[in-house]
Amino acid sequence: MKSLVTGSSGHLGEALVWTLRQLQYEVDGLDILESRFTTRVGSISDRAFVRRCMSGVQTVFHAATLHKPHVGTHSRQEFVDTNVSGTLNLLEEAVAAGVESFIYTSTTSVFGDALVPPAGAAAAWITEEVRPAPKNIYGVTKAAAEDLCELFHRNVVPSHRGLACIVLRTSRFFPEADDNSQVRKLYSDDNTKANEYLYRRVDIEDAVSAHLLAAERAAAIGFRKYIISATTPFRSDDLAELRVNAPRVVEQRVPGYAAAYDRQQWKMFPSLDRVYVNERARKELGWQPRYDFNSIIDRLQAGDKDMRSPLARLVGSKGYHAEVFADGPFPVE
């Protein structure tokens, strides 16, 4: 099987290319930046270039994007050009080339304002049924690209099944420091990321495995959206208390976490405002994420302080900008 991975110089793209090569698949990596994982240097906004890259491809893994960290440095038009027009180019050329499956890397950022309940309300239980309410151009363009994927499955391809398209709404997997200055001030980076595995983070190795499973099952599924985030220990009846006393709920669901945290001099966030739920992906894709909050506590208790998977360690940090900013890893809009 020949695969095309867009965004092959980025975090997820590199991880996908590396894994596919290890599995002995033929794979081309497409990116605007050169790297040892990029074999096709160019932009997805260049239709002719995209057409040349599609020859012989059976599966497209579309991870190329302008990200949230680019909101403060790139124009809205640039977001539309890359995230919407670039995706349209890929979909149209994929159909023309007879591509069998199209796996689109989206983001939980499409949920936007739906992620933050009003003051006094319980934390939000985020499943695929929650209606997106994007709050910036990043979320808007990712949601629009999702709709394009559905359109190409439902109405564009002249066959009864259309192009098999799977949308994976991934939560945080980047290794860079948090963009919130208050969070950086109050919590160490490892502490922050460990806390996030409870409700809004996924290890890149688990994200890759979800993409590979989506490719395997795309033809049978047709079109579907999945949240890709670490399995939470919480239940829906925890939501009210999570908003007012998260440490107590965590202690109930993960007994002994506090002792492991005390040894690291870590602390839990006092409140959580949302929980991402990956049940659909586990049931329908057979996805079995290995890295979650329970696994982190187990590793801390065993003396292993590095919570990253081997693949996450291999990929490391990419950054999003060539320049360095005075406050934080990237400017916030």
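The values are calculated or read from the model by the stated rules, or taken from the named source; none is laboratory data. Please read these numbers as outputs of a predicted model, since none were measured by experiment. Cβ: placed from backbone, ideal geometry, glycine included. Neighbour counts: every protein chain shown.
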Exercise. Within segment 110-145, which residues are polar (S, T, N, Q) and modelled with pLDDT of 95 or more?
Worked result: THR127, THR141
For this session: Within segment 212-226, identify whether any single residue is touching a residue at least 24 places away in the same chain (Cβ under 8 Å), assigned to a loop (DSSP other than H, G, I, E, B) and out of contact with any helix residue (DSSP H, G or I) (no Cβ under 7 Å at 6 or more places or on another chain), and answer yes or no.
Result: no
Exercise. Out of the residues in segment 8-31 that are of a type outside the set (S, T, N, Q) and in a loop (DSSP other than H, G, I, E, B), which is nearest to GLY86 (Cα to Cα)?
Worked result: GLY10
Exercise. Of all residues in segment 170-191, which are aliphatic (A, V, I, L, M), touching a helix residue (DSSP H, G or I) at 6+ places or on another chain (Cβ under 8 Å) and within 12 Å of MET268 (Cα to Cα)?
Worked result: VAL183
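Within segment 278-306, take every residue that is among the hydrophobic types (A, V, I, L, M, F, W, C) and farther than 16 Å from ASN195 by Cα and give me the one that is surrounded by the fewest Cβ atoms within 10 Å (Cβ to Cβ).
ALA302
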For this session: Select from segment 67-82 the residues that are touching a residue at least 60 places away in the same chain (Cβ under 8 Å) and either aliphatic (A, V, I, L, M) or within 18 Å of CYS53 (Cα to Cα) (or both) and list them in ascending order.
Result: VAL71, VAL80
Exercise. Would you pick out the residues in segment 173-201 that are closer than 18 Å to THR127 by Cβ and in contact with a Lys or Arg (Cβ under 7 Å, 6 or more places away or on another chain)?
Worked result: TYR199, ARG200, ARG201
Problem set entry | One residue from VAL50, VAL84, VAL41, VAL80 being hydrophobic (A, V, I, L, M, F, W, C), surrounded by fewer than 21 Cβ atoms within 10 Å (Cβ to Cβ) and over 27 Å from SER171 (Cβ atoms) | VAL41
Seminar exercise, completed: In the set GLY72, GLY56, GLY98, the lone residue that is at pLDDT 95 or above, more than 17 Å from the chain's Cα centre (by Cα) and not hydrophobic (A, V, I, L, M, F, W, C) is GLY56
For this session: Search segment 220-235 for residues being among the hydroxyl-bearing types (Ser, Thr, Tyr) and within 14 Å of TRP125 (Cα to Cα), and hand back the single one that is nearest to the chain's Cα centre (by Cα).
Result: SER229
Exercise. So which of SER295, SER271 is assigned to a loop (DSSP other than H, G, I, E, B), under 24 Å from the mean Cα position of the chain (by Cα) and polar (S, T, N, Q)?
Worked result: SER271
For this session: Could you identify the single residue in GLU34, GLU78 that is in a helix (DSSP H, G or I) and either touching a Phe, Trp or Tyr at 6+ places or on another chain (Cβ under 7 Å) or of a type in the set (Asp, Glu) (or both)?
Result: GLU78
Problem set entry | Any hit, segment 6-17, residues being crowded, with 22+ Cβ neighbours inside 10 Å, in contact with a Leu (Cβ under 6 Å, 6 or more places away or on another chain) and not polar (S, T, N, Q) | yes
Problem set entry | Search result, residues across segment 274-292 that are farther than 25 Å from ALA124 by Cβ and in a helix (DSSP H, G or I) | none
Exercise. Picking from SER181, SER171, SER229, which residue would you name as being of a type in the set (S, T, N, Q) and in contact with an Asp or Glu (Cβ under 7 Å, 6 or more places away or on another chain)?
Worked result: SER181
Exercise. If we keep just the residues of segment 163-211 that are assigned to a helix (DSSP H, G or I) and hydroxyl-bearing (Ser, Thr, Tyr), which is surrounded by the most Cβ atoms within 10 Å (Cβ to Cβ)?
Worked result: SER209
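Of these, ALA145, ALA194, which one is in contact with a helix residue (DSSP H, G or I) (Cβ under 8 Å, 6 or more places away or on another chain) and over 28 Å from VAL84 (Cβ atoms)?
ALA194
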